[in-house]
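Asker: What follows is a structure written as structure tokens; I'll ask about it next.
The values are calculated or read from the model by the stated rules, or taken from the named source; none is laboratory data. Because the structure is predicted, anything quoted here is derived from the model rather than measured. Cβ placement follows ideal geometry from the backbone for every residue including glycine, while neighbour counts extend to all protein chains displayed. Keep in mind that these areas ignore ligands, DNA and RNA; they rest on the heavy atoms of the full protein, side chains included. Shrake-Rupley method; radii C 1.70, N 1.55, O 1.52, S 1.80 Å.
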Amino acid sequence: TKKFVKGTVIVDDYRLSYKWEKFVKKHHLNLIAFDDLDKVHYADLIINAKIQQNIKDSIAKKNIENKPQLLLGPKFSIIDDNKKIKKIKFTNFQIVFYVGGGGDLTPVAKIINYLQPILGNLKLNISFLVIVGPLAKNKNKIINLSKKFNSVKPIIGENNIVKYLKSSQIFVGSSGTSIYETAYSRIPSILFQISKNQQNNPLMLEKIGHYINLGVHDFKKYSN
């Protein structure tokens, strides 16, 4: 980036370290770091939306060299909600699934496949909306289910998921950044910690309205 005019660099990548930031900062005016981990940065501004107790003191001590400005807590999460986009209206009860941008959709497919005959016997009109992330694994399993069942609707290539959350009755998915979007949308959620960086203090989750947060092993036990 030496050939660019000096400006502000925004970094949001676990792979890029303090050493990388310090080198880049030599050539630019400001550096803003997005992170949900408690680690050392060489930035002018750190934005960490994760809900954690005593995180402010911990991050401040670790970043004493550059003394960055800290924007901490869920009120600094980025919610993509375009007011011009009308929420989607559905006439029946809808469950929305989302396992993140690169999550494995196999458990979701198994859950839906398991529920279909049960719902059919009970004569319940329920739709399954599956938001397929750009790097999602096994998305073909969801596409194949949608060909088999009219109640399964895959959403592919969509950046703004808030309009779908606001139009659904239950959210089932990973407890990543979607914990902020679901809290904002006020949708009852069943969350699963699918990766290590999705670990959250249950009391902190309760503060923004989330009360069911299970482990990845529970997610794979689809019959439960």
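Asker: Assuming a ≥ b ≥ c are the square roots of the Cα gyration tensor eigenvalues, decide whether the chain counts as rounded (a/c under 1.5), prolate (otherwise, with a/b larger than b/c) or oblate.
Answerer: Numbers: a/c = 2.33, a/b = 2.00, b/c = 1.16.
Here the chain falls in the prolate category.
Asker: Using only Cα atoms, locate the centre of the stretch 156-224 and the centre of the stretch 1-43, then give the distance between them in Å, rounded to an integer.
Answerer: 29 Å
Asker: HN-Hα J couplings of the stretch 162-172 from phi, Karplus 6.51/-1.76/1.60, θ = phi - 60°, integer Hz, Gly and Pro as x?
Answerer: Result, rounded to whole Hz: 4, 5, 7, 5, 5, 9, 10, 9, 9, 10, 10.
Asker: In addition: Amide H neighbours of residue 214 under 5 Å, counting only residues 5+ apart in sequence or on other chains, H built in-plane at 1.01 Å?
Answerer: Under 5 Å from the amide H of residue 214: 191, 192, 193.
Asker: So what are the ³J(HN,Hα) numbers for the stretch 180-192, from phi and the Karplus equation (6.51, -1.76, 1.60; θ = phi - 60°), rounded to whole Hz, Gly and Pro as x?
Answerer: 7, 5, 6, 5, 5, 7, 6, 10, x, 10, 10, 9, 10
Asker: What FRET efficiency comes out for residue 201 versus residue 121 if R0 is 30 angstrom and r is the Cβ-Cβ distance? Round to the nearest 0.05.
Answerer: Details: r = 40 Å, r/R0 = 1.33.
In this case the efficiency is close to 0.15.
Asker: Using modelled backbone amide H atoms (1.01 Å from N, in-plane), which distant-in-sequence or interchain residues come within less than 5 Å of residue 137's amide H?
Answerer: 103, 104, 105
Asker: For the stretch 2-62, give the percent of accessible area contributed by carbon and sulfur heavy atoms, probe 1.4 Å, rounded to a whole number. It would help to have the intermediate numbers written out before the result.
Answerer: Details: 2230 of 3980 Å².
Carbon plus sulfur share of accessible area: 56 percent.
Asker: Continuing with this model, one more query. Considering Cα pairs under 8 angstrom that are at least six residues apart, work out the relative contact order of the chain and quote it in whole percent.
Answerer: 16 percent
Asker: Per residue, how much accessible surface does the chain expose to a 1.4 Å probe? Answer in Å², no decimals. Numbers along the way, then the final one.
Answerer: Details: 13510 Å² over 224 residues.
Spelled out: the 1.4 Å probe surface of the chain, per residue, equals 60 Å².
Asker: Pop out the ³J(HN,Hα) list for the stretch 67-78 in order, Karplus 6.51 cos²θ - 1.76 cosθ + 1.60 with θ = phi - 60°, rounded to Hz; leave Gly and Pro as x.
Answerer: So the Karplus estimates, Gly and Pro as x, are 6, x, 6, 10, 10, 10, x, x, 5, 9, 6, 9 Hz.
Asker: Additional query: Which aspartates and glutamates, on any chain, are close to residue 139 with Cα under 18 Å apart, when same-chain ones fewer than 8 places away are left out?
Answerer: Filter leaves 104, 158.
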